[in-house]
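Asker: Mind looking over this structure? Questions follow.
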Amino acid sequence: MLTSLAEGPKHGYAITLDVERLSGMRLGPGTLYGALSRLEDKGLIEALPADARRRPYRLTAAGSAALREQLQTLERVARSGLDRLRVAEATG
Amino acid sequence: MRRLARYTLLLYPLAFRRRYGDEMCALLERTRVRPMTLLDLVRGALVAHYRAPAALAGLVDGADRMRASASGVLACWVVFAAAGFGFYKTTEDAPFTTAAHAHPLLGVAHVSVQALSVVGSVAVLAGALPLILPALKQARRDPGLRLRVSLPVIAALVFVGLTGLLVVAAHSEHGHRPSTAGGLWFIAWGLAGLGCAAVCVLAARASLFAMAVSRGSLVWALACGRLVAAAMVGMALATVLYTVALNVDASHLAGSPNGPLQATSVGASLLVQGVVMVLAAALATGTTRRGRRAAG
């Protein structure tokens, strides 16, 4: 969800569609708003003024930093995994 | 299905609904609602009750928090009572009484459910009475409140009428063997009963939020609510214990056909009833805990 918000503010429905496009996983409304409430509580995202009944959310500075850290960790893990696979395939 | 999903939002804590309710409704209007969506909402509501974000606490003042908790316990009690009625119907026949005498654990679990249901019912009445009396008094002057207060009475009368029809239908059947028509009548009666109960709970909740009520009455209602929640936890545990004991000590009974259409087994019925009871008891415990915090 943080990755989805990295490109700009989105409301719940847009986040659902984007997460589905990114991960192939469809978030239910209960899961989505449970996660939004926790991310908001941790100060990683913030709500913008509501547009009709839809309220857009955007990353805060802390959210951007947390996302960057998570993605860098994932990148390191992915790179290590691919390197090890390459070595294993070359040797054997 | 979409309307059912909107009603499922009522399971969420009041503060959560005030903050996210409109957005969730807007999302539901654009989403294809499936049974999995409903399950996701129920799971989300349970999580929201036990991991409520601290920032939401300020959205509901103490009195409204207590109103929400009191009406939440009533809703949980009604759902629990429906499952409890199912438990009673499942285990009312003579072979179950015989098994309860032969196996002490079964007997103790069954008696515990019965005793705690009396404790819970008395606590519900004791908690509701100081709220019903001022509601009736204020309803004389306030037409909106009068409508809300009269809805549960109308729903109860409709339910009594339907019960009468069911009894007449049962007596008009020949023989004692359960028939498909009788089973369908029973299912229709049960669904209508749930509908009437939902009207009672929602109207009672709307009345509670529309009327002036003393803090003392709300604190008393919540104290009774704690007792109701404790009784529900006890009964849910006793039902789970009964289900396990029946499967171990009297497996022939657990496997026997059950339900209005004899389409399921006793064991499966007890499992479903136990799950509903555990969920209702968990929600009641969560809502009374928040109400107690608001009451200070």
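Asker: Do we find that A:P29 is closer than 23 Å to B:A15 by Cα and either of a type outside the set (A, V, I, L, M) or at pLDDT below 95 (or both) in this structure?
Answerer: Numbers: closer than 23 Å to B:A15 by Cα: yes; either of a type outside the set (A, V, I, L, M) or at pLDDT below 95 (or both): yes.
So A:P29 passes the test.
Asker: Go through the residues of segment A:36-48 one by one and say whether even a single one is touching a Ser or Thr at 6+ places or on another chain (Cβ under 8 Å), in a loop (DSSP other than H, G, I, E, B), farther than 20 Å from B:A45 by Cα and facing another protein chain (nearest Cβ under 10 Å).
Answerer: yes
Asker: Could you grab me the full set of residues in segment B:57-86 that are over 9 Å from the mean Cα position of the chain (by Cα), in a helix (DSSP H, G or I) and surrounded by fewer than 19 Cβ atoms within 10 Å (Cβ to Cβ)?
Answerer: B:A57, B:G58, B:L59, B:G62, B:A63, B:D64, B:F85
Asker: For segment B:65-114, give me the residue count where each residue is in contact with an Asp or Glu (Cβ under 9 Å, 6 or more places away or on another chain) and of a type in the set (D, E, K, R).
Answerer: The first filter runs over segment B:65-114 and keeps only residues in contact with an Asp or Glu (Cβ under 9 Å, 6 or more places away or on another chain), leaving B:99, B:102-103, B:105-106.
Still in the running and of a type in the set (D, E, K, R): none.
Here the count works out to 0.
Asker: Let me ask something else. Does A:E20 satisfy the criteria of being more than 9 Å from chain B (Cβ to nearest Cβ), part of a loop (DSSP other than H, G, I, E, B) and of a type in the set (D, E)?
Answerer: The answer is no for A:E20.
Asker: Which condition number in (1) aliphatic (A, V, I, L, M); (2) in a helix (DSSP H, G or I); (3) open to solvent by less than 40 Å² (accessible area, probe 1.4 Å) is the one that B:V213 fails?
Answerer: (2) is the only condition that B:V213 fails.
The rows are residues; the columns are (1) open to solvent by less than 40 Å² (accessible area, probe 1.4 Å); (2) at pLDDT below 85; (3) not in a helix (DSSP H, G or I).
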residue	(1), (2), (3)
B:H171	no, yes, no
B:R177	no, yes, yes
B:G193	yes, no, no
B:A204	yes, no, no
B:C224	yes, no, no
B:V228	yes, no, no
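Asker: Can you name the number of the only condition in (1) touching a residue at least 60 places away in the same chain (Cβ under 8 Å); (2) within 18 Å of A:G34 (Cα to Cα); (3) open to solvent by 20 Å² or more (accessible area, probe 1.4 Å); (4) more than 9 Å from chain A (Cβ to nearest Cβ) that B:A52 fails?
Answerer: For B:A52, the failing item is (4).
Asker: Right, here's the next one. If you check A:S4, A:S23, which single one turns out to be of a type in the set (S, T, Y) and surrounded by 15 or more Cβ atoms within 10 Å (Cβ to Cβ)? Can you show your working first?
Answerer: Numbers: A:S23 fails: surrounded by 15 or more Cβ atoms within 10 Å (Cβ to Cβ).
Within the list A:S4, A:S23, the selection yields A:S4.
Asker: Tally the residues that are hydrophobic (A, V, I, L, M, F, W, C), under 22 Å from B:R6 (Cβ atoms) and buried (at least 21 other Cβ atoms within 10 Å of the Cβ), restricting the search to segment A:28-52.
Answerer: 2
Asker: With the condition kept exactly as written, say whether any residue in segment B:245-255 is crowded, with 18+ Cβ neighbours inside 10 Å and within 17 Å of B:F85 (Cα to Cα).
Answerer: No, segment B:245-255 has no match at all.
Asker: On to the next question. Out of (1) in contact (Cβ under 8 Å) with a residue 24 or more places away in the chain; (2) surrounded by fewer than 16 Cβ atoms within 10 Å (Cβ to Cβ); (3) small (G, A, S), what's the single condition that is false for B:A263?
Answerer: All conditions pass for B:A263, except number (1).
Asker: In this structure, does A:E89 turn out to be outside any strand (DSSP E or B), more than 14 Å from chain B (Cβ to nearest Cβ) and of a type in the set (D, E, K, R)? Give the steps one after another, and end with the answer.
Answerer: Details: outside any strand (DSSP E or B): yes; more than 14 Å from chain B (Cβ to nearest Cβ): yes; of a type in the set (D, E, K, R): yes.
It is true that A:E89 is outside any strand (DSSP E or B), more than 14 Å from chain B (Cβ to nearest Cβ) and of a type in the set (D, E, K, R).
The values are calculated or read from the model by the stated rules, or taken from the named source; none is laboratory data. These figures come from a predicted structure and were not determined experimentally. Reconstructed Cβ throughout: ideal geometry from the backbone, glycine too, with neighbour counts over all protein chains shown. The protein model used for the area step is the full one, side chains on, heavy atoms only, and it has no ligands, DNA or RNA in it. Shrake-Rupley method; radii C 1.70, N 1.55, O 1.52, S 1.80 Å.
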